[in-house]
Amino acid sequence: MNKLKDLIHELCPNGVEYKKLADCCVLEKGNTPIQKAIPGEFPLVVTTEERKSCNTYQFDKPTVCIPLVSSRGHGVASLNSLYYQEGKFALGNILCGVTPVNSDELSAKFLFYYLNHKKDTLIVPLMRGGANVSLTVDSLKRVKVPVPPISVQREIVRIFDKFESLGNNLGLELIARKKQYEHYADYLFVSDIPPNEWMAVGEIIISLKTGLNPRQNFKLNVGGDKPYITGKDIYNNSINVSDKTDLITDDVVLLINRRACLATNDVLFASTGTGTVGRMAVVDNYDNTWAVSETMFCLKPKVDVINPYYLMYALYTQSAKRQFEPKISKGSVPHLKVKDLLDVKIPVPNLTEQERVVDLVRKFDALCNNVSTGLPAEIEMRQKQYAYYRDKLLTFKQIP
């Protein structure tokens, strides 16, 4: 950062010139119909993260690719809507390529970072249409961008490339750790455990109960302050109350618990919801200050047979998921039936061994999933740091 400060102080202390894209770039609409492209040796840039190929190329210089047609809320308005491409490549016919005329005056990579950061104020307002929106090449030509000295641009690109590399490496490491975690957890739960020590979930719990449906029994968010927990409130193996959590009254808590009978050591299992089926948490120190929806299975483990945390972790293993995931309904609201969970078989060694396994899995789980420690927290920190510097480094005073 000090080098960049020195460059700015030396080369452009009073600000930088802003130019219209039409005055410093060639703007060219893609000429390859995506559906008719003949596969070949050259990359074909389209409006998604996907890359196709083409047998001809249209561009051979570093270029910023901007979608011209999209759905509102996506495409040009989405985080990854702009693309940077080098080498020889083709461009889909619903994109525009923006190529600097003089690479010694304007870096395409700098232009990409700038436009991608400022798209909400520079590009999105140019969209026209309702559900389907579009841009014109002529409107893009009028967009103004800063053109600081090329050495300043290159230093900014170097800094952002480093941030991107750090973020990507951390993301790849997290993916690898999670795969390692899954493999390690599966090994702990199935290694050397004979078939006669595998039991169905229905055999190792006292009962499986659920909460109540508000449409039939009560109203949400009417004068109450007690959390009403659904699958969206379960993540990172814990119950997370937020400003998006629905609220109920004390009377409703009592009403629900006549059915759910929530207690410490219960295992909550989300049975319904897109992306939430199979989320789990163990209830710690229940104090009757919250309740659950009818979409939550409340499993009461036989604690003299199964450790609640062991049960939760066992149901996260691939061997368990292979048993219940194929039975999740594929309708508009995915759902798992009670019987299909009760029939799932897991290995059940003695309690001492269960506690040992839980301790090992917890340590690895904390590294991968804990929001305040481990890799996810570092990734979040890097993202915030990147956002801070991106705004700071891509804001330039304009020469009067």
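Bear in mind that the values in this text are calculations on the coordinates, not laboratory data. All values reported here derive from a predicted model rather than from experimental measurement. Quick reminder, even Gly has a Cβ in these numbers, built from the backbone with ideal geometry, and neighbours come from all protein chains shown.
At a glance:
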read-out	value
Segment 194-348: Rg to Rh, with Rh as the Kirkwood radius over Cα pairs	0.97
For the chain, projected area of the alpha-carbon convex hull averaged over all directions, nm²	26.2 nm²
Unit charges at the beta carbon, dipole of segment 244-400: most positive-side option, LEU255, ASN285, CYS298	CYS298
Cut-off under 5 Å, modelled amide H: who pairs with VAL133 long-range	SER70, SER71, ARG72
Reachable lysines from LYS327, criterion Cα separation under 16 angstrom, eight or more residues apart if same chain	LYS337, LYS339, LYS345
Dipole magnitude (debye, nearest 20) for the chain, charges at Cβ of Lys, Arg, Asp, Glu	1220 debye
DSSP beta bridges in the chain [antiparallel fraction, %, rounded to 5]	85 percent
Under the span-like rule (Cα at least 24 Å along the axis, Kyte-Doolittle mean at least -0.5), DSSP H helices of the chain	150-190, 351-369
Karplus-derived HN-Hα couplings along segment 269-280 (A = 6.51, B = -1.76, C = 1.60, θ = phi - 60°), whole Hz, x at Gly and Pro	10, 6, 9, 9, x, 5, x, 10, 4, x, 6, 9
Amide H partners (placed H, <5 Å) of LYS19, local residues excluded	VAL145, VAL147
Anchor LYS118: lysines whose Cα lies under 19 Å away (excluding residues fewer than 8 positions away in-chain)	LYS19, LYS20, LYS109, LYS141, LYS144, LYS384, LYS392, LYS397
Residues LYS337, LYS109, sorted so that the one with the fewest Cβ neighbours within 10 Å comes first	LYS337, LYS109
Given charges at beta-carbon only (K, R positive; D, E negative), |dipole| of segment 18-147 in Debye	380 debye
Beta bridges by DSSP in segment 194-348, antiparallel share as percent, to the nearest 5	90 percent
Reference-scaled alpha-carbon Rg (2.2 N^0.38 Å with N residues) for segment 231-299	1.03
Over segment 18-147: Rg over Rh, Cα atoms, Kirkwood Rh	0.95
